[in-house]
1. What net charge do the residues around Ala306 carry, taking every other residue with its C-beta under 9 Å from that of Ala306, with Lys and Arg at +1 and Asp and Glu at -1?
2. Enumerate by residue number the trypsin sites (Lys or Arg not before Pro) in the stretch 174-219 meeting two conditions: DSSP loop (anything except H, G, I, E, B), and at most 13 other Cβ atoms within 10 Å of the site's Cβ.
3. Can you work out ³J(HN,Hα) from phi for every residue in the stretch 285-301, in order, using Karplus 6.51 cos²θ - 1.76 cosθ + 1.60 and θ = phi - 60°, giving whole Hz and x for Gly and Pro?
4. Under 5 Å between amide H atoms, partner at least 5 residues away or on a different chain: which partners does Trp333 have, H built in plane at 1.01 Å?
5. What residues have an amide H closer than 5 Å to that of Glu406, excluding those fewer than 5 places away on the same chain, when H is modeled at 1.01 Å from N in the peptide plane?
6. Show the residues, 5+ positions off or on another chain, whose built amide H is closer than 5 Å to the amide H of Asn169.
7. Are there GluC sites (Glu not before Pro) in the stretch 144-185 that DSSP puts in a loop and that have at most 11 other Cβ atoms within 10 Å, and which ones?
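Quick note: the coordinates plus some simple rules give every number you see, no bench work behind them. Remember, it's a predicted structure, so these values are computed and weren't measured experimentally. Please note: Cβ atoms are built from the backbone with ideal geometry, for glycine as well, and neighbour counts cover all protein chains shown.
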Amino acid sequence: MSRARHALTAAVAALPFLVVILLLSSGRGVVETGLAAALWLLTVVGVESALWLRFGRQLGAASELLAASPQDVPRGLRELVERAETYRKESQRLAGRLEDLSSSLGNGLLVVTSDLRVRLINKPALDFCGVEAANQGSHLLEILRDPVVIDVIESAARGGRPDAEVVENRNGLWEIRAYPVREGGAVVLFSEVSLVRRSAEFRRRFVQDLSHELRSPLAVLRTTVEALEDDVDPRLAGVLVRQVERLDRLTRELYDLATIESGQLELELEDVRLRSLVRDVLGDLAPEAHAAGVDFRQEVPDDVTAWCDRRGLSRVLSNLVDNAVKYNRRGGWGEIWAQRDEDTVTVRVSDSGEGIPPSELRAVLQRFYRVDQARTPGRGGLGLGLAIVKHMVQYMGGKLDLRSREGVGTTVTITLPARSPQTLDQPPDGSGTS
């Protein structure tokens with residue numbers, strides 16, 4: 001034990017003896033006095049330990065300095081000053097590195113404490129706030145006035161996980177994301193998204209306009225090819241027809257996806273009887289399934305209905321069945337299964353096909369993504385089918401789940417509302433209580 005701690009212990013332990021003397025002099029009994037002294041000793045142990053943990057290092061350094069000889073005092077002071085200077089420089093160096101890192105992100109970065117005091121803010125974040133500088137420790141309200149952004153940051157600083165917000169101010173269009181910090185406070189990212197949004201809008205309009213303009217010449221081309229079927233070799237006519245149909249399908253997929261993403265798709269939601277719809281879809285794709293040697297079956301009860309857009313769900317199932325046939329093996333199988341629960345309808349499309357690699361399961365739902373073409377030679381497409389399925393299902397208020405195993409097959413599960421949201425609070429048979 002150091003001399004400093006000895007001194008602290010002695011100073012605190014001397015107090016019980018004073019208490020004993022005072023109690024005896026006041027006429028207290030020996031037993032009562034002994035109990036009081038014992039209780040005081042237990043208290044002393046706790047107090048001494050707490051004081052040492054809180055101030056021990058400072059007391060130790062001070063006692064060593066005081067115990068030193070007069071000749072050693074200047075040297076000790078110099079060491080303390082040098083140590084403090086080293087800590088200061090290291091702190092500045094780390095702060096500089098953090099500033100360089102935060103500035104190189106390209107996004108605004110703001111770190112606040114639980115009471116919304118600024119701990120770090122970089123240049124893009126200052127640009128969003130519309131100020132040139134902010135002192136460390138200043139309150140958030142001193143540099144930011146937007147109530148929406150303040151609410152997002154406050155929610156994260158309290159430990160919540162608020163959704164991202166898009167805010168427009170004089171400095172552009174910004175996406176705000178705030179994340180809670182375990183020790184308290186929040187980290188906030190500011191992303192300027194004006195250019196990204198404009199680029200996405202330009203791409204969507206271009207795709208939509210292009211696909212729309214291609215429809216008329218494709219219709220003329222298809223009519224011409226059909227008119228020439230009797231005058232050319234049947235095999236050549238068949239190739240021409242298939243290629244025109246392929247172009248027409250790709251054009252429709254581009255147009256449909258652009259329309260869905262723009263929010264311009266008009267749905268006619270109604271109670272749709274699934275068995276008849278599934279029968280129509282399988283009937284339309286029966287020639288392809290037969291040519292590929294794939295046996296497709298259905299297990300859909302006749303009384304199952306879903307609240308959806310009939311054409312939209314037909315498009316979804318057509319894309320899924322087409323994939324199940326296209327990426328299956330000869331002699332394989334496919335199945336559409338449906339079941340209704342109290343408020344939802346589950347539709348499952350399964351196949352015995354090649355499956356999807358685990359690393360690509362999430363990516364295949366993105367537009368223009370295709371699994372490695374070396375694994376699927378001769379199967380054209382733009383990689384839009386599953387993207388359309390995902391967006392269409394979400395547009396109709398449903399959910400989609402994709403499961404697949406290489407060499408085993410793929411299962412796509414769709415969950416849709418069983419009935420109109422206005423009737424969800426009513427019993428399925430329409431009866432109610434008065």
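1. Net charge in that neighbourhood comes out at +2.
2. Values: sites: Arg177, Arg182, Arg197, Arg198, Arg203, Arg204, Arg205, Arg215; in loops: Arg182.
Listed in order of number, the matching sites are Arg182.
3. 9, 4, x, 5, 5, 5, 5, 8, x, 10, 8, 10, 10, 9, 10, 10, x
4. When sequence neighbours closer than 5 places are left aside, the close amide H contacts are Asp295, Ser352.
5. Residues meeting the amide H criterion: Ile356.
6. Trp174
7. Passing both the DSSP loop test and the Cβ count: Glu183.
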